[in-house]
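Worksheet: one structure, shown below.
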Amino acid sequence: MQTYDTQATTLTTSSPGNEVLLRNLDESDAKAVTAVHMEAFPDSALTKLGAEAVRRYYEWQFVGPHDMVPLGAYIGGEMQGFCFGGIFRGALSGFLNKNRSYLALSVLKKPWLLTNPIFRDHLLAGVRNLKPAAAKTPPAETPSAPEPRPFGILSIAVNPTCQGSGVGKLLMRESEAIARQRGFQKMRLTVSADNQQAISFYERGGWKKVLREDEVTWQGRMEKALEG
C-alpha cells in the first residue's frame, strides 16, 4: 500500500470540549476500524459475516496495491470514525480473491445469509468482479485520452454515538483537502440508494448524483468536482 502523508491534526467538534484528532491509519488500526464499521453499518452484508470478515476486508485495503489516505478520527483516545479515500485497485475483488476459502466457510456457517436480498446482491456483485473482462475488439479509431481517475471514497463511517458531532464532516473535509493537494479534479463514491441520511449528508457537502447512460434508475453513484 502507498499512502499519502497527512500530519496529525486537532480540530474541535460542535460539541464543546470535544477535540477530534485526525491522523493517518495503518494496518495496526484494523481492529479499531472494524469496531467502528460494525457499529456504523450493523445491517451491511460484510458486518453480517462477522468481525473477522470485516477485519480482513480492511486489512486488504491496508496491504493491497492501493494509493490511499486512511484517516482515523479520535476523541479521548478512542477511534470514533474513519475514512478510506484515494485510488483503489481491486478493493472488493482483491479481498474476495485473497479470502475466498474463509468467506465460503463463513457463508456455510450462516446459510440464512443467502436468503437476505441485500447480502445476496453484494455477494453476486463481488463474484462478478472476480471474472476476467471479456476481450473487446479494438476500436477502428484511436480512442481519446482516458479521463483522469477520480479520488475515490471507499468507506466513511462514524460511531453512532458521535453522529451529528461533526466528525464525518471533518473526515470528509480533510480527505477533500488532500485530494486537492494531490491535484485530483474530481471525487467519487457510491452510497446505498435508499440511505437518505447519508445521501443528504453528501449533498450538503456539494456532492451530486450521477446516472450513467446504461442505468434506468440511480444506483448510488455520486461525484464532486474539485475546483482549483
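The values are calculated or read from the model by the stated rules, or taken from the named source; none is laboratory data. Every value quoted in this text rests on a predicted model; they were computed, and no experiment measured them. As a convention, Cβ positions derive from the backbone with ideal geometry for all residues, glycine included, and neighbour counts pool all protein chains shown. For accessibility, only protein heavy atoms count, side chains too; no ligands or nucleic acids. Shrake-Rupley method; radii C 1.70, N 1.55, O 1.52, S 1.80 Å.
Results, tabulated for the structure shown:
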| quantity | calculated |
| --- | --- |
| Verdict on Leu124 being among the aliphatic types (A, V, I, L, M), at pLDDT below 90 and open to solvent by 80 Å² or more (accessible area, probe 1.4 Å) | yes |
| Test for Val54: is it open to solvent by less than 40 Å² (accessible area, probe 1.4 Å), part of a helix (DSSP H, G or I), touching a Leu at 6+ places or on another chain (Cβ under 7 Å) and modelled with pLDDT of 95 or more | yes |
| Residue satisfying all of: in the range 96-120; modelled with pLDDT of 90 or more and surrounded by 16 or more Cβ atoms within 10 Å (Cβ to Cβ); nearest to Asp43 (Cα to Cα) among these | Asn99 |
| Every residue from the range 160-207 that is outside any helix (DSSP H, G or I), open to solvent by less than 20 Å² (accessible area, probe 1.4 Å) and closer than 20 Å to Phe88 by Cβ | Met187, Leu189, Val191, Trp207 |
| Answer residue from the range 38-50, given it is in contact with a Lys or Arg (Cβ under 9 Å, 6 or more places away or on another chain) and assigned to a helix (DSSP H, G or I) and is least open to solvent (accessible area, probe 1.4 Å) among those | Ala45 |
